[in-house]
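The values are calculated or read from the model by the stated rules, or taken from the named source; none is laboratory data. No experiment lies behind these values; they were computed from the predicted model shown. Every residue, glycine as well, gets a Cβ built from its backbone with ideal geometry; the counts of neighbours run over all protein chains shown.
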Amino acid sequence: MKYLVSLALIALAGISTVHAQDVDKHGKPGTPSTAVHISGAVKKPTDFNVVALRQMTGQDTGEMPVVCASGATVATVRNFRGVRLIDMLDRVGIDVQGHKDARRMVVIARATDGYVVTFSWNELYNTPIGDSVLVAYEKDGKPLEPGEGQLLLISGKDIKNGPRHVRWLSEIEVKREE
Ligand SMILES: Nc1nc2c(c(=O)[nH]1)N[C@H]1C(S)=C(S)[C@@H](COP(=O)(O)O)O[C@H]1N2
Ligand SMILES: [Mo]
């Protein structure tokens, strides 16, 4: 009997370990996002869908590996095409009130599966990183597949760019840190 209980426990542990790894890597699957909503400390909260993004100035990443925080290269992409996040933020207008206000701002990107990453105003507007943060609608010349988006955020200058490669991007929140 003791033996059977141990066997059952080992089997259960095995099942839950596999499950934990799955959740760690992929989370619960997101639903394809059809638009990015920008809200928070902005003058004009706005929805950007793929059609609206295609009408803005596009930028290409060129070939890049996607590197997980673990160091593993999980993909190599020939090109992502999209729009700079700072161009989108300039459209909605960050609600900056005075000389020392912008530096308090945090920019939070969320996906439909609950995945979240952060940027700061300084990082985006006051370091070279900002020039390569794109909201992408195309990969390797084709619209993103549902499993990849259809919108995705990528931070092209990150050392490990996997973490801030946000599939199913749906929300950008600008938050004034008190
Ligand atoms: N929405 C969302 N984006 C995500 C993740 C996630 O769980 N949800 N995982 C991240 C991780 S851990 C990595 S390494 C990269 C690349 O993973 P992929 O090749 O599975 O897309 O996507 C990132 N983007
Ligand atoms: Mo990862």
Item to check | Check on ILE86, in a strand (DSSP E or B) and either closer than 20 Å to ALA35 by Cβ or in contact with a helix residue (DSSP H, G or I) (Cβ under 7 Å, 6 or more places away or on another chain) (or both) | outcome: no
Next on the checklist: Given the criterion of a type outside the set (Lys, Arg) and in a strand (DSSP E or B), identify the matching residue among HIS37, HIS99.
Outcome noted: HIS37
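Take VAL135 and decide whether it is aliphatic (A, V, I, L, M) and surrounded by 14 or more Cβ atoms within 10 Å (Cβ to Cβ).
Yes; evaluated as a whole, the condition is true for this residue.
Return a yes/no flag: does the stretch 109-118 have any residue that is over 20 Å from SER170 (Cα atoms) and not acidic (Asp, Glu).
No: zero hits.
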Next on the checklist: Taking the criterion of being within 16 Å of ligand 2 (Cβ to nearest atom) and of a type in the set (A, V, I, L, M, F, W, C), would at least one residue in the stretch 55-62 satisfy it?
Outcome noted: no
Next on the checklist: If the requirement is being within 16 Å of ligand 1 (Cβ to nearest atom), farther than 20 Å from GLY40 by Cβ and at pLDDT 95 or above, which of these qualifies: ASP131, ASP140?
Outcome noted: ASP140
Checklist outcome for this item: Flagged in the stretch 133-178 as within 16 Å of ligand 2 (Cβ to nearest atom) and not in a strand (DSSP E or B), in numbering order, are GLY147, GLU148, ASP158, ILE159, LYS160, ASN161, GLY162, PRO163, ARG164, TRP168
Checklist entry - Pairs under 9 Å by beta carbon, first residue within 15 Å of SER155 (Cβ to Cβ) and more than 8 Å from ligand 2 (Cβ to nearest atom) in the stretch 66-78, partner of a type in the set (D, E, K, R) and at pLDDT 95 or above, six or more apart or different chains? => result VAL67/ASP158; VAL67/LYS160; VAL77/GLU63; VAL77/LYS139; VAL77/ASP140
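Here's the yes/no breakdown for (1) over 18 Å from the mean Cα position of the chain (by Cα); (2) surrounded by fewer than 17 Cβ atoms within 10 Å (Cβ to Cβ); (3) within 16 Å of ligand 1 (Cβ to nearest atom); (4) not basic (Lys, Arg):
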{"position": "THR61", "(1), (2), (3), (4)": "no, no, yes, yes"}
{"position": "CYS68", "(1), (2), (3), (4)": "no, yes, yes, yes"}
{"position": "VAL74", "(1), (2), (3), (4)": "no, yes, yes, yes"}
{"position": "ARG78", "(1), (2), (3), (4)": "yes, yes, yes, no"}
{"position": "ARG81", "(1), (2), (3), (4)": "no, no, no, no"}
{"position": "ARG84", "(1), (2), (3), (4)": "no, no, no, no"}
{"position": "ARG91", "(1), (2), (3), (4)": "yes, yes, no, no"}
{"position": "ILE94", "(1), (2), (3), (4)": "yes, no, no, yes"}
